[in-house]
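The values are calculated or read from the model by the stated rules, or taken from the named source; none is laboratory data. Keep in mind that this is a model prediction, so the values were computed, not measured. We place every Cβ from the backbone using ideal geometry, glycine too, and count neighbours over all the protein chains shown. For accessibility, only protein heavy atoms count, side chains too; no ligands or nucleic acids. Shrake-Rupley method; radii C 1.70, N 1.55, O 1.52, S 1.80 Å.
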Amino acid sequence: MSEADRTMPLSRASLARIEGRNWLIEGAPRDEIPAEGVEPIVAMRIINQEIVLDGIPERNLATFVTTWMEPEAQQVIAENLHRNFIDHAEYPETAEIEQRCIRMLAKLYHAPGETTGARTQGSSEAIMLGALSLKWKWRERREAAGKPTDKPNLVFGGDVHVVWEKFCRYFDVEPRIVPLQPGKYVIGPADVEPHVDENTIGVAAVLGTTFTGHSDDIGGINDLLVAIRDERGLDVPLHIDAASGGFVWPFIYPDTAWDFRLEQVRSINVSGHKFGMVYPGIGWLIFREKADLAEDLVFYENYLGKTDATFTLNFSTGSAMVLAQYYNLIRFGHDGYTFVMEVMKKNSQYLGGRLAEVGPFEIVGGDAEQLPVVAFRIADDADVPYDEFDIAWQVAAERGWMLPAYTMPKNADDVKMLRALVKLNLSRELVGTLADDIAQACETLEKKGGASKHERKKVKTGVGY
Ligand SMILES: Cc1ncc(COP(=O)(O)O)c(C=O)c1O
């Protein structure tokens, strides 16, 4: 229930209106548009009463997506919900603000000069567009060389988000997926090398995986692609999926080169709504230089008032999150983002340390560069009557935490994992409470011999996004 709703006095008049519609005893309209409407307050209460059964976003340890923004940012969002972003001619200042964000991100990622990019709905749309550009550019090169263009392939690891396989299926590209192994949850040059050939449109590497928060060996993969270019004459571009890492690495690992400092990196996607700290949905696609955007992907139209170039998959969309992204960039600045990321990193390290103390846990890759997450599992030598899924169930039942349990991708799918995102709303106090709650859940499970059959059926599985 929203704050406004909770504090709104339920006047006699509004009660009468509510009673007039019988919504309390008839249930909500479900299958067809009701013949008659209701008062605004009734519509609001019907929605709010149902939504209270959803999980509380602050207790959602599964999501990478922002669950808290400052009141001033919320005001910017609320005041701009009615502005269609695509109406560039009518809202030129909003369009200019999008361009500023693109320039700021390109600079953050060390683009060598003037470049281009786009605001998208999230990283999924940015990845579809970036990968389409890889496909189009590969086709151009093949056609220019008089070679066939019917068997494009894309190389990536089993540690990628599902959107990469989606792209391959939707746009008819062969996915060449490097499988993971138990204990090895990212990929490097030796994994990529056997899969690259003249039909490879590109390689995708992840900065901050969905599964454990670590990074592929991007420097190593770049060096491999440079060698392939120099020795075999194959120019294979590298796209970096920095959905989460693109707002983390530049601030807490500034010396690690994963971006346009590496010569084969041609495009990067990042989700503004993850560690860019904006509510969903905002993502960004940034090219190394203008020439990396395939010209055929750009459409020119003039029916909104002036000739405009677009290359996004959707058309109409909100402006509010673009403005909110700009708000964050100028509000926090480089030092503010660095501070926030340091805070999250410290709190996630604290959580990892506490979990190792209080439970039978192995923390996965705790010393490596990582997103502010703790990926952990029950240690192989622990003799306990419960598993990771039981813990997810118990800690939800006892304290309402949404802690995702999942199995790792193919070839490592015997490995079960738990993962907690440590975002800004998880202060040190709450992190401590979370560790205690997980310890308590383990104690309960120890006493009852694991979750019951009935409880296990109810466990939600999946990595959460
Ligand atoms: C590595 C990675 N790539 C892509 C995506 C998809 O991003 P979005 O939800 O912004 O579309 C995610 C989402 O979690 C992700 O973690």
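Let's see how each residue does on (1) modelled with pLDDT of 95 or more; (2) over 27 Å from the mean Cα position of the chain (by Cα); (3) under 27 Å from residue 327 (Cβ atoms):
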{"position": "29", "(1), (2), (3)": "no, yes, no"}
{"position": "34", "(1), (2), (3)": "no, yes, no"}
{"position": "40", "(1), (2), (3)": "no, yes, no"}
{"position": "45", "(1), (2), (3)": "no, yes, no"}
{"position": "56", "(1), (2), (3)": "no, no, yes"}
{"position": "62", "(1), (2), (3)": "no, no, yes"}
{"position": "74", "(1), (2), (3)": "yes, no, yes"}
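Among the candidates 250, 182, 194, 237, single out the residue that is open to solvent by less than 50 Å² (accessible area, probe 1.4 Å) and out of contact with any strand residue (DSSP E or B) (no Cβ under 8 Å at 6 or more places or on another chain).
Working: 182 fails: open to solvent by less than 50 Å² (accessible area, probe 1.4 Å); 194 fails: open to solvent by less than 50 Å² (accessible area, probe 1.4 Å); 237 fails: out of contact with any strand residue (DSSP E or B) (no Cβ under 8 Å at 6 or more places or on another chain).
On inspection, the qualifying residue turns out to be 250.
Remark: pairs (first residue in the range 371-393, touching a residue at least 12 places away in the same chain (Cβ under 8 Å); second residue of a type in the set (S, T, N, Q); Cβ separation under 6 Å; 6+ apart in sequence or on different chains) = 371/244; 372/348; 374/348; 375/212. Residue count for the range 106-139 satisfying the condition of being in a helix (DSSP H, G or I) and either within 12 Å of the ligand (Cβ to nearest atom) or touching a Ser or Thr at 6+ places or on another chain (Cβ under 9 Å) (or both): 14.
When the range 428-465 is filtered for residues that are outside any helix (DSSP H, G or I) and in contact (Cβ under 8 Å) with a residue 12 or more places away in the chain, the ones remaining, listed by number, are 449, 450, 451, 459, 460, 461, 462, 463, 464, 465.
The requirement of being within 14 Å of the ligand (Cβ to nearest atom), at pLDDT 95 or above and open to solvent by 10 Å² or more (accessible area, probe 1.4 Å) is satisfied by residue 165.
Pairing residues of the range 277-293 that are over 16 Å from residue 99 (Cα atoms) and open to solvent by 30 Å² or more (accessible area, probe 1.4 Å) with residues that are assigned to a helix (DSSP H, G or I) and within 13 Å of the ligand (Cβ to nearest atom), at Cβ distances under 8 Å and at least 6 apart in sequence or on separate chains, gives 279/321; 280/321.
Residue pairs whose Cβ atoms lie under 8 Å apart, separated by 6 or more positions or on different chains, with the first residue in the range 112-134 and under 20 Å from residue 168 (Cβ atoms) and the second surrounded by fewer than 24 Cβ atoms within 10 Å (Cβ to Cβ) and hydroxyl-bearing (Ser, Thr, Tyr), are 120/312; 121/317; 125/312; 128/170; 129/312.
Taking into account only those residues within the range 146-161 that are over 15 Å from residue 239 (Cβ atoms) and in contact with a helix residue (DSSP H, G or I) (Cβ under 9 Å, 6 or more places away or on another chain), which is most open to solvent (accessible area, probe 1.4 Å)? If we take residues in the range 146-161 being over 15 Å from residue 239 (Cβ atoms) and in contact with a helix residue (DSSP H, G or I) (Cβ under 9 Å, 6 or more places away or on another chain), then 147 is most open to solvent (accessible area, probe 1.4 Å).
Just checking, how many residues over the range 35-44 are surrounded by 10 or more Cβ atoms within 10 Å (Cβ to Cβ) and part of a loop (DSSP other than H, G, I, E, B)? If you could, list the steps in order and put the result at the bottom.
Within the range 35-44, the first condition is being surrounded by 10 or more Cβ atoms within 10 Å (Cβ to Cβ), and the residues that meet it are 37-44.
Then drop every residue that is not part of a loop (DSSP other than H, G, I, E, B), which leaves 37-39.
Number satisfying all stated conditions: 3.
The sole residue among 295, 289 that is at pLDDT below 95 and more than 22 Å from residue 84 (Cα to Cα) is 295. Inspect all residues belonging to the range 367-387 and state whether any of them is in a helix (DSSP H, G or I), more than 16 Å from the ligand (Cβ to nearest atom) and either surrounded by fewer than 16 Cβ atoms within 10 Å (Cβ to Cβ) or of a type in the set (Asp, Glu) (or both). Looking through the range 367-387, none of the residues is in a helix (DSSP H, G or I), more than 16 Å from the ligand (Cβ to nearest atom) and either surrounded by fewer than 16 Cβ atoms within 10 Å (Cβ to Cβ) or of a type in the set (Asp, Glu) (or both). Counting the residues of the range 45-70 that are within 16 Å of the ligand (Cβ to nearest atom) and either open to solvent by 40 Å² or more (accessible area, probe 1.4 Å) or out of contact with any helix residue (DSSP H, G or I) (no Cβ under 7 Å at 6 or more places or on another chain) (or both) gives 8.
Residues considered: 376, 339, 315, 332. Of these, the only one that is of a type outside the set (Val, Ile, Thr) and touching a strand residue (DSSP E or B) at 6+ places or on another chain (Cβ under 7 Å) is 376.
When the range 87-105 is filtered for residues that are in contact (Cβ under 8 Å) with a residue 12 or more places away in the chain, open to solvent by less than 70 Å² (accessible area, probe 1.4 Å) and away from the ligand (no atom under 15 Å from the Cβ), the ones remaining, listed by number, are 87, 88, 89, 91, 94, 97, 98, 101, 102. Per this entry, residue 424 is counted among residues that are open to solvent by 50 Å² or more (accessible area, probe 1.4 Å), in a loop (DSSP other than H, G, I, E, B), under 17 Å from residue 67 (Cβ atoms) and of a type outside the set (S, T, N, Q). A search for C-beta distances below 8 Å between a residue of the range 136-159 that is within 22 Å of residue 221 (Cα to Cα) and any residue that is open to solvent by 70 Å² or more (accessible area, probe 1.4 Å) and not in a helix (DSSP H, G or I), counting only pairs 6+ apart in sequence or on different chains, returns 141/235; 152/172; 152/174; 153/174; 154/174; 158/410; 158/411. Whether any residue in the range 192-200 is of a type outside the set (A, V, I, L, M, F, W, C), assigned to a strand (DSSP E or B) and in contact with a Leu (Cβ under 8 Å, 6 or more places away or on another chain) is what I want to check. Checked the range 192-200: at least one residue is of a type outside the set (A, V, I, L, M, F, W, C), assigned to a strand (DSSP E or B) and in contact with a Leu (Cβ under 8 Å, 6 or more places away or on another chain).
Of all strands (runs of 3 or more DSSP E) completely enclosed by the range 203-320, which ones contain at least 1 residues that are within 13 Å of the ligand (Cβ to nearest atom) and under 19 Å from the mean Cα position of the chain (by Cα)?
Working: elements: 238-241, 265-271, 283-287, 299-301, 308-310.
Passing ranges, in order: 238-241, 265-271, 283-287.
Looking at the range 391-404, can you tell me whether even one residue there is assigned to a loop (DSSP other than H, G, I, E, B) and farther than 30 Å from residue 342 by Cβ? No, every residue in the range 391-404 fails to be assigned to a loop (DSSP other than H, G, I, E, B) and farther than 30 Å from residue 342 by Cβ.
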